[in-house]
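Written out below as structure tokens is the structure these notes cover.
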Amino acid sequence: MVQPVIRVAGLGKSYETAAGLFPALKGVDLDVRPGEFIAIMGPSGSGKSTFMNLLGCLDTPTVGDYFLAGENVAHMDKDALALLRNRTLGFVFQGFNLLPRMSLQDNVALPLVYAGVDRETRQAKARELLAKVGLGNYAESLPNRISGGQQQRVAIARALVNEPRLILADEPTGNLDSHTSEEIMRLFEELNGEGITIVLVTHEPDIAAHCKRQVRFLDGQIVSDQLTTGDSA
Amino acid sequence: MIHPMLGEAWLAMGANRLRTALTMLGMVIGVGAVVIMMAIGQGAQYAVQQTISTMGSNLFIVLSGSFTTAGVRSGSAGAPTLNVADANAIAELDGVVNVAPTHQGTRQLVYGSQNWSSQVIGTTPEYLDARAWNIVNGAGFGDSDVRSATRVAIIGKTVAENLFGDDDPVGKTMRIQQNPFIVIGVLGSKGQNLDGRDQDDTVIIPLTTAQRKVFGTPFLGSVRMIMVQAESAETMPRTMESVTSLLRQRHRLREGVPDDFFMRNLSAAAESEAETTRTMSILLGAIASISLLVGGIGIMNIMLVSVTERTREIGIRMAIGARQRDILSQFLLEAVMISFAGCLLGLLLGLAIALAINAFTGMVIVISGSAALIAFVVAAGVGIFFGWYPAQKAARLDPIEALRYQ
């Protein structure tokens, strides 16, 4: 059997609040195998954002284990987590989160700077990926020169630049109109078709319908986990 | 790793040009002030050292003692207690380099239709050695001139100008107290001494000639003053002690009888003058560095603002793999670059103003490489010191919080 990209076992996270310890995530188990395309769904406060932050190695769990590419990362220190985010994960955010002063090419190449890759390789790689997402002609432009959908494509190129094992997308279409959202989802489907594993948070059923598997959160627990059926939801 | 970060720091500085420029201005003024103050302070020190070096180094003088007649005391060099034999005996002591017995006073000089009042010093050839005084025109006199009391004179620049005008004084005859003297040499210029007296307004003649023809002496061979040059500043106190005991022995002074001569350390006065200017120079530098400190605080202030403004950027960088030390060095580098750029401009500004001060007021300024080096090191230090806290603050941000920041 193929080793899962993600294996989460009994994962829990509690926050200190004025009212006492608040359990945002209550013992979650989940396996993600290579090549999967999963939608994480659920209302606000269901724990899906907490879960994504843990998957993204931006936070550490209170209890439980998280194996990322076979390695237990639940208790790693901050530098080790930074290294994982840099080498193993790619992030796509709702707000695109490009750095406004840098050209698109430099934005895409930024993870490679922290990976210590030399300048020529960085630029070549960044241009290649910009071309892949259809923005090859905008390499020297600044982010504010292009549309939101184009910015999100650049962000996807940036997420891909380090050849990650997994792409984490947090409401990637939340700031886009339905037409552009469709385009972005088609890009994700294409990438998944090339074998890239994607975990995507959304609360829109028609966005989730693009994914192969849908996991639903409620009150810090997984309430349903099913494969997408039919050709639309 | 450093290379792309330099570019980023440059971009960040360029993103808000006015703010960066104003922040830099604090450093420009600080470094500029330090450079100017150091240039002026070191210039003052240099000027004093120049004056001191014209006096001659490691010198002390022995003056003949005072005498008391009916309760009236004569003051130093009033009594004829020193003589040439004393000087010769001092010359035999260890640690003594030059000994010059002198007899001096103010006399009227006459040449042709010109006359001029000047200080006349009767002494031996060692006097010029002790004072490191060279002859620029003609020659000096020798021991044989002292032995035979020849009427020759070496004159200072001021005397030459006032008495001889454009004529070449060497070989001319002038009169001191009706006695004709042949001018055989002109001294190099020494300028003013520490008291402000013109050292070039001087005529030097053989000691014996002075004693017999110009001043007259109570006893043959008595002198008012003996100038002694010690080997070094360190051995000077010891040399002065041995001169004291030698003279007491020669003058047959018993235990408990006070000295019949006075001693004065010329170098000590000069040293204290040098010390004063050194202190002043340090004080000026210290005051100037306060403005450097203020400039540093300006950098810290702006970096704190910058960290807050760029919280989201920091979150993004962390999400894509920046470690804490990457964020720390990014902001630290930015602070150091602002500091360095400010320092460089301050250095140029300081130099320009220092040169302008020199050009317009004639004040002596000294621009030393060490001052520039100090300014640079301080600027880098200020950048790191005041950049550290904001950079640390940036590096310790929680990536989730930072990403959520609007």
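Would you mind checking A:K78/A:K125; B:K157/B:K190; A:K78/B:K393 for any pair whose Cα atoms are more than 18 angstrom apart? Where the Cα-Cα span goes over 18 Å, the pairs concerned are A:K78/A:K125.
Order A:R122, B:R147, most accessible first, counting only protein heavy atoms with a 1.4 angstrom probe.
Values: A:R122 25, B:R147 175 Å².
Descending accessible area places them as B:R147, A:R122.
Excluding same-chain neighbours fewer than eight residues apart, the aspartates and glutamates reachable from A:K212 by a Cα-Cα span under 12 Å are A:E36, A:E189, A:D225, A:D231. Considering only B:T308, B:T54, B:T208, the mean-square fluctuation computed in a Gaussian network model of chain B, springs between alpha carbons under 10 angstrom, is largest for B:T308. For A:K26, give me every one of the lysines with a C-alpha distance below 19 angstrom, ignoring sequence neighbours fewer than eight places off in its own chain. Result set, ordered by chain and number: A:K13, A:K48.
Of the residues B:L355, B:L253, B:L293, the one that moves most in a GNM of chain B with alpha-carbon contacts below 10 Å is B:L253.
For chain B, modelled as a GNM whose springs connect Cα atoms under 10 angstrom apart, the maximal fluctuation among B:T311, B:T244, B:T202 occurs at B:T311. Dipole orientation for chain B: of the candidates B:S291, B:I302, B:P125, B:I302 has the Cα lying most toward the positive pole (charges on Cβ; Lys, Arg +1; Asp, Glu -1).
Summarising the label geometry, the points placed 7 Å from Cα in the beta-carbon direction at B:R396 and B:L283 lie 4.2 nm from one another. The mean number of Cβ atoms from other chains found within 10 Å of a Cβ in peptide B:309-319 is 5, as a whole number.
Pairing chain B with chain A buries about 2200 Å² of accessible area. This figure sums both sides and uses a 1.4 Å probe. Over chain B, what is the percentage of antiparallel beta bridges among all DSSP beta bridges, to the nearest 5? Once the DSSP bridges in chain B are tallied, antiparallel ones form about 80 percent. Excluding same-chain neighbours fewer than eight residues apart, the lysines reachable from B:K213 by a Cα-Cα span under 21 Å are B:K172. Based on Cα contacts under 8 Å between residues 6+ apart, chain A shows a relative contact order of 28 percent.
Sorting B:56-65, A:16-25 by their mean Cβ neighbour count within 10 Å, with the most densely packed peptide first, gives B:56-65, A:16-25. Under the criterion of Cα pairs below 8 Å and six or more residues apart, the relative contact order for chain B equals 29 percent. Measuring r between the beta carbons of A:T60 and B:L373 and using R0 = 51 Å, the FRET efficiency lands at 0.60.
Under a model in which nothing but the beta-carbon of Lys, Arg (+1) and Asp, Glu (-1) is charged, segment B:133-190 shows a dipole of about 200 debye around its Cα centre.
Between B:L348 and A:Q3, the simple label model (points 7 Å from Cα in the Cβ direction) yields a spacing of 5.8 nm.
Let me know the mean shielding of A:80-86 by other chains, meaning the per-residue number of their Cβ atoms within 10 Å of its Cβ. The partial results should precede the final answer.
Values: counts 1, 4, 12, 2, 1, 7, 7.
Mean shielding count: 5.
Other protein chain C-beta atoms within 10 Å of residue C-beta, averaged over B:320-331: 5. Accessible surface ranking for A:K212, B:K190, B:K172, 1.4 angstrom probe, highest first: A:K212, B:K172, B:K190. Give the distance, in whole Å, between the Cα centre of segment B:122-149 and the Cα centre of segment A:135-192. Spelled out, the Cα-based centre of one part sits 95 Å from the other.
Highest average first, the peptides A:178-191, B:319-332 ordered by how many other beta carbon atoms sit within 10 Å of their residues are B:319-332, A:178-191.
The values are calculated or read from the model by the stated rules, or taken from the named source; none is laboratory data. Quantities reported herein were computed from a predicted structural model and do not represent experimental measurements. Here Cβ is always computed from backbone atoms with ideal geometry, including for glycine, and neighbour counts include all displayed protein chains. When the accessible area is computed, the model is the full protein with side chains, heavy atoms only, and any ligands, DNA or RNA have been set aside. Shrake-Rupley method; radii C 1.70, N 1.55, O 1.52, S 1.80 Å.
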